[in-house]
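**Q** First the structure, then my questions, so here it is.
The values are calculated or read from the model by the stated rules, or taken from the named source; none is laboratory data. Computed from a prediction, not measured in an experiment: that's the story for all the values here. For neighbour counting, all protein chains shown are included, and Cβ atoms are generated from backbone atoms with ideal geometry for every residue, glycine included. Just the protein is used for accessible areas: all its heavy atoms, side chains included, with ligands, DNA and RNA removed. Shrake-Rupley method; radii C 1.70, N 1.55, O 1.52, S 1.80 Å.
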Amino acid sequence: MGSQFRLIFYAPDSSTAQRAASQAFGRIEELNNILSDYRDGSEINRLSARSGTGEWVGVSPELFDVISASRQISQRTGGAFDITVGPVVQLWRRAMRRSYFPEQEAIRQARQSVGYRYIKLDAPQRKVLLLRKGMRLDVGGIGKGYAADEAVRVLREMGINSVLVDAGGDLTLGDPPPGQSGWRVEVSSGTNADSVQTLELSNVGIATSGASYRYLEHQGKRYSHIVDPRTGVGLLHHVRTTIIAPNGTLADALATALSVAGIDRGKKLLKRFPNVQVWLLETKGDRIRSWNTLPAPSSERN
Ligand code: AMP
Ligand code: MG
């Protein structure tokens with residue numbers, strides 16, 4: 001998934017801790033083999049390769065789980081989050097690597113196989129049908145959070161509940177460290193006029209999405225690696241979105257979705273998600289706007 005994972009947890013003794021860590025990392029590696037779109041042989045890429053054949057493909061419980069969670073979030077975000085953006089993401093990745101702007105025609109073609117409605121699911125049989133030829137599922141916007149949640153689950157099964165899993169900056173938190181009321185987490189808006197908020201949290205997921213370092217520059221404009229599924233183009237408004245949600249999967253997906261939606265559309269979308277907080281910074285031209293619903297900070301500095 002292109003991220004380094006870090007685990008912090010409290011175990012009764014070091015041999016239990018070693019065993020727990022290796023189980024949790026094992027689970028993350030397993031998910032990477034299923035979900036990575038960088039690996040030709042990953043289960044998700046093998047599924048995508050059968051798009052447009054009319055074939056219902058049996059998949060692992062994990063893959064089915066991620067796809068159905070993604071589809072549900074697509075429905076509830078009006079398509080701002082959409083794992084079928086794969087063909088468009090591939091186009092932009094290539095363009096970024098070689099520093100050119102994708103041709104209109106290439107974008108148009110890639111968009112033809114984008115649309116979460118082209119994913120059909122058969123839950124009882126655990127099968128997936130990808131209706132259009134050339135579809136490519138990309139769970140880059142949700143997989144880290146899902147894997148972090150799974151690592152927490154594995155640790156909990158071993159009786160270890162005071163857990164923090166860091167998936168390259170996206171966190172899933174279990175219970176607080178022993179004797180404390182929460183994990184201290186610093187959230188930053190990432191601007192020059194830097195503002196940092198310190199929160200004490202537990203049993204939530206926290207994720208940040210943004211265009212700050214991965215983008216394509218063309219004729220003075222910066223296009224993000226996050227694409228608007230409606231246009232097939234990388235985001236032009238510059239955002240940094242932090243989400244706190246009941247779990248890491250939802251936090252990860254919503255950070256991506258609300259980056260696409262921006263503040264105005266985001267406010268409407270958020271109403272559909274109870275118990276979710278957001279800190280979104282949006283830059284359009286010279287104008288910077290901020291939207292912050294994070295819980296009252298335990299301490300704040302500017
Ligand atoms: P994140 O860093 O969680 O915001 O995820 C960004 C990654 O999600 C990108 O690198 C793409 O692989 C994928 N992606 C881009 N745009 C979207 C979108 N609109 N919906 C879902 N996934 C996306
Ligand atoms: Mg995300």
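**Q** Using the structure shown, decide if VAL114 is crowded, with 22+ Cβ neighbours inside 10 Å, more than 16 Å from ligand 2 (Cβ to nearest atom) and part of a strand (DSSP E or B).
**A** no
**Q** Name the pairs whose Cβ atoms lie under 7 Å apart, with the first residue in region 248-272 and within 15 Å of PRO229 (Cα to Cα) and within 16 Å of ligand 2 (Cβ to nearest atom), the second open to solvent by 20 Å² or more (accessible area, probe 1.4 Å) and assigned to a loop (DSSP other than H, G, I, E, B), and 6 or more positions between them or separate chains?
**A** GLY262/HIS237
**Q** Hey, another quick one. What are the residues in region 96-111 that are surrounded by 11 or more Cβ atoms within 10 Å (Cβ to Cβ) and farther than 29 Å from PHE64 by Cα, if any?
**A** MET96, TYR100, PHE101, PRO102, GLU103, ALA106
**Q** Select from region 70-95 the residues that are within 23 Å of LYS267 (Cβ to Cβ), in contact with a helix residue (DSSP H, G or I) (Cβ under 6 Å, 6 or more places away or on another chain) and open to solvent by 20 Å² or more (accessible area, probe 1.4 Å) and list them in ascending order.
**A** none
**Q** Could you check how many residues of region 203-259 are small (Gly, Ala, Ser) and in a loop (DSSP other than H, G, I, E, B)?
**A** Number satisfying all stated conditions: 4.
**Q** Right, something else. Within region 216-234, does at least one residue satisfy the condition of being within 28 Å of GLN104 (Cα to Cα), within 10 Å of ligand 2 (Cβ to nearest atom), open to solvent by 10 Å² or more (accessible area, probe 1.4 Å) and touching a strand residue (DSSP E or B) at 6+ places or on another chain (Cβ under 7 Å)?
**A** There is at least one residue in region 216-234 that is within 28 Å of GLN104 (Cα to Cα), within 10 Å of ligand 2 (Cβ to nearest atom), open to solvent by 10 Å² or more (accessible area, probe 1.4 Å) and touching a strand residue (DSSP E or B) at 6+ places or on another chain (Cβ under 7 Å).
**Q** Could you list all residues from region 1-36 that are part of a loop (DSSP other than H, G, I, E, B), open to solvent by less than 70 Å² (accessible area, probe 1.4 Å) and hydroxyl-bearing (Ser, Thr, Tyr)?
**A** If the condition is that a residue be part of a loop (DSSP other than H, G, I, E, B), open to solvent by less than 70 Å² (accessible area, probe 1.4 Å) and hydroxyl-bearing (Ser, Thr, Tyr), then SER3, SER36 are the ones that fit.
**Q** Filter region 157-168 down to the residues that are in contact (Cβ under 8 Å) with a residue 60 or more places away in the chain and surrounded by fewer than 18 Cβ atoms within 10 Å (Cβ to Cβ), then identify the one that is farthest from ligand 1 (Cβ to nearest atom).
**A** Result: MET158.
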